[in-house]
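Just below is one structure, and these are the notes that go with it.
The values are calculated or read from the model by the stated rules, or taken from the named source; none is laboratory data. Just so we're clear, the structure is a prediction, and the values are computed from it rather than from any experiment. Virtual Cβ from ideal backbone geometry, glycine too; neighbours counted across all protein chains shown. We work out accessible area using only protein heavy atoms, side chains counted, and drop any ligands, DNA or RNA first. Shrake-Rupley method; radii C 1.70, N 1.55, O 1.52, S 1.80 Å.
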Amino acid sequence: MLSPQVAKAKVGYAVTDQSRRPGQVRALVVCKYEKFRSEIVSALDRSFEVDYYASPAAAMAGLMAAKTPGLIVMDYDLVIRGSRDFMRMKLESDHLRDIPFLITGRVPTETFNETVRMLCPVSYLRRPFMKSALHDEAGKLIDRLLEASWRSLPARQREALETSLGHFRGTTHRVRRGNPLNIHNTKECCFPLMEEVLEGQVADLISNVKDHHNYTYVHSLKVSSLMCLMAHAIGISGHELLTVAAAGMLMDVGKLAVSQELLNSPDPLSRDALKQLKKHVLHSHDILERSENTSEGIRVIAEQHHEKLDGSGYPKGLTGRDLNELARLATIVDIFCALTDKRPYKPEFSCESAIKVLETLEGKIDPFLLALFKEIIMDVYRPENPSIH
């Protein structure tokens, strides 16, 4: 086995600074072309711990490292030439066998595709591809394993996660095709979620979804769950509570109409890019406007959740007296969830750190709703629930 120093000198191996991302999945990249290897590492580095190698022989050391890779990215040319020992090691080890493969480059034969699929989860990406496409494809492979783990959850929690994810994917498809949404179906899909919230399972819901790589889905589910929890605390129940849960799920639906390259950028956004992203509120208005059965509550929450009491918000710069109470609540929940979300360009904030940020927004967010939120959220993120910290 080559030491890291020798391997780096001989075959171009390196390891990113793993201390700054201890909870992330480890990706093992095998690519003989330095230019392509650098592009792959750059695309994955913000979301994964990345090791990279120039050959399968050198990568065998990384395969047997203390922390097992959660993903292998390899050139097609290397897969078919020179990977026999690497593949044998992978397939003969119980803890390595199911590691998913992302194969890049030219993959010419369907026979090859089907053969590899029989051995482990696999996906293919043909060059040229954008960094965001590689990042998304890697996320999807990892997500398959996460989603498979939901099968061992209690039936209703599994239903809440699988139903909401399936509906979110369907909503994404509709938005990108310019089709109207089915608001009734959204409410139906939120019913198991609402039941889990009322049974005190918010912490488990968040814990089981937080590592999913569809960031907009994760954010939407967190917002929906916490909106439902807060609305119940101020006396909303029954069909109205279900509408609040649906509003949380649809609050950022306009982001699905925004460029995915922009939405999933691994870097902090420029001023111009932020201006484009803020247009998602206008997109939400248009999407909900052309969808039947959109209630006033769902529409108002989507349109006002970025407004602030002092008029400093967007898109209209509304002030306190013009803001709906549930929209005020949505503002607090949305900021908290955005801070505690894990994104490629930033670490997730702790609950305590996020609360401190909210406390600095005096005059911008509702102080009475913030006080209630703090009381409730600290119970959700209490020390007995370390998995969501």
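Within the shell defined by Cβ-Cβ distances under 12 Å, the residues around Phe191 carry a net charge of -2, with Lys and Arg each +1 and Asp and Glu each -1. Neighbours of Leu78 by Cβ distance under 13 Å: Lys/Arg scored +1, Asp/Glu scored -1, total +2. Note on the chain: antiparallel DSSP beta bridges, both residues inside, total approximately 20 percent of the bridges counted.
The region of the chain that goes longest without hitting one of the trypsin sites (Lys or Arg not before Pro) in a DSSP loop, each with at most 16 other Cβ atoms within 10 Å, is 127-278. Give the carbon-plus-sulfur fraction of the accessible surface of the chain in %, rounded to a whole number; probe 1.4 Å, heavy atoms of protein chains only. Summing carbon and sulfur atoms, their accessible area is 52 percent of the total for the chain.
Using the Cβ-Cβ distance between Asn179 and Phe129 with R0 set to 22 Å, the FRET efficiency works out to roughly 0.20. Sequentially through the stretch 67-78, phi angles give Karplus couplings (6.51, -1.76, 1.60; θ = phi - 60°) of 9, 5, x, x, 7, 10, 10, 9, 5, 4, 4, 6 Hz, Gly and Pro residues having no value and appearing as x.
For the pair Glu162 and Met378 in one chain, pulling the backbone fully straight at 0.36 nm per residue adds 75.1 nm over the alpha carbon distance. What are the residues whose amide H is under 5 Å from the amide H of Ile365, where those residues sit 5 or more places off or on another chain and H is modelled from the backbone? Hits under the 5 Å cutoff: Leu309. Using a probe of 1.4 angstrom and keeping all protein chains present, the accessible surface of the chain works out to 47 square angstrom per residue.
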